[in-house]
Amino acid sequence: VGHGSLLVVGTGIAAVGQITLEARRAIEGSDSVLYLSTDPLTREFIEDLNPVAVSLDGFYEAGRDRALTYAAIAQEIAREVRRATRVCAVFEGHPGVFVEASHAAIELVRAEGHRARMLPGVCALDCLAADLGFDPGPWGCQSYEATDFLLYPRPFDDTTPLVLWQIGSVGVFDVPARPDHVRRGLGALSDVLARGYGPEHRATIYEAALLGICTPRLEGVRLGDLPAAAVSSVSTLFVPPARAPELSRDMAHRLGIDLSEAARVEEEAMHLLGGEVIRGQTPAGAR
Ligand SMILES: C[S@@+](CC[C@H](N)C(=O)[O-])C[C@H]1O[C@@H](n2cnc3c(N)ncnc32)[C@H](O)[C@@H]1O
């Protein structure tokens, strides 16, 4: 049984301001810290918290497939856990959301009998919910990695918001992405989405602010115009519903819900909020 332990933490999306207290304590209290961050402020912050911190950025080689980079990073973290006692691995955003290396590292070190745990962080979807005023609870939420969404087509539902991650690298596996490959990927994505929603349906290209004092990028785009849109490695696409979901009166009856009373309460709440607020809560006035 191994004696090492691994804590995997995230720094949030906006530099420094979104790191949790427990993630901060994990960085401070570890014997070894390995981190991945492209942001100079975050790098400085981590190195100030713990001067032994070492960047993993050197693992990114131009032209190398992302999956190979992540495997090499996971191996490096596991090597460090064999060597040091308490290791902290730091990633951007939530360390378990679209971070293959973190999950792989945890599996590797657990398989060798060491302790490993992930702490949650603020991810891009959290920022999107805040900046777009979108509530994944009542509205529901479909969320896919954009390339995966195209390669493994799943039926999607145009009454529920759709979030697509990594639209800046659709079908592109090497870094940096070639611009013609990015356009080719966006073209395919535009075709598939336009078939479901129509080319006139408007989505939002979202980029959370990377500094607390900056504003996020929220750019409306017709699905048909997606191939020409400006996207980057931090772009996420939010596609609002095209129509409201249908109410099942049979189910309401079975659940004992009095629909006229529910409508009356909603009307009263709307009145209290000054008219439009409740209605505005659902995307594109969908409900
Ligand atoms: C490799 S994933 C990393 C996700 C990250 N671990 C998180 O917790 O959000 C990269 C993708 O996350 C999303 N993302 C990262 N930073 C973002 C930002 N500032 N604004 C919007 N989306 C972002 C984009 O879809 C981007 O292509």
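What the table below lists for this structure:
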quantity: Percent of Cα-Cα distances greater than 11 Å, calculated over the range 3-45; calculated: 66
quantity: Helix-derived mean residue ellipticity, 222 nm - over the chain, DSSP H n ≥ 4, -39500 (n - 2.57), to 500; calculated: -11000 deg cm²/dmol
quantity: The range 37-179 - accessible surface per residue (Å², probe 1.4 Å); calculated: 49
quantity: Amide hydrogen neighbours beyond the local backbone of SER37, cut-off 5 Å, H modeled; calculated: LEU56, ASP57
quantity: Ratio of Rg to Rh over the range 165-275 (Cα coordinates, Kirkwood Rh, two decimals); calculated: 1.17
quantity: Rg(Cα) / (2.2 N^0.38 Å) computed for the chain, rounded to two decimals; calculated: 1.17
quantity: Relative contact order for the chain, counting Cα pairs under 8 Å that sit 6 or more residues apart, in percent; calculated: 19
quantity: Gap separating the Cα centres of the range 71-96 and the range 1-61, nearest whole Å; calculated: 10
quantity: Measure of compaction for the range 171-216 (Cα Rg per 2.2 N^0.38 Å); calculated: 1.52
quantity: Carbon and sulfur %, accessible surface of the chain computed with the full protein complex present, 1.4 Å; calculated: 55
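The values are calculated or read from the model by the stated rules, or taken from the named source; none is laboratory data. All values reported here derive from a predicted model rather than from experimental measurement. Accessible surface is based on the protein model in full, side chains and every heavy atom, while ligands, DNA and RNA are left aside. Shrake-Rupley method; radii C 1.70, N 1.55, O 1.52, S 1.80 Å.
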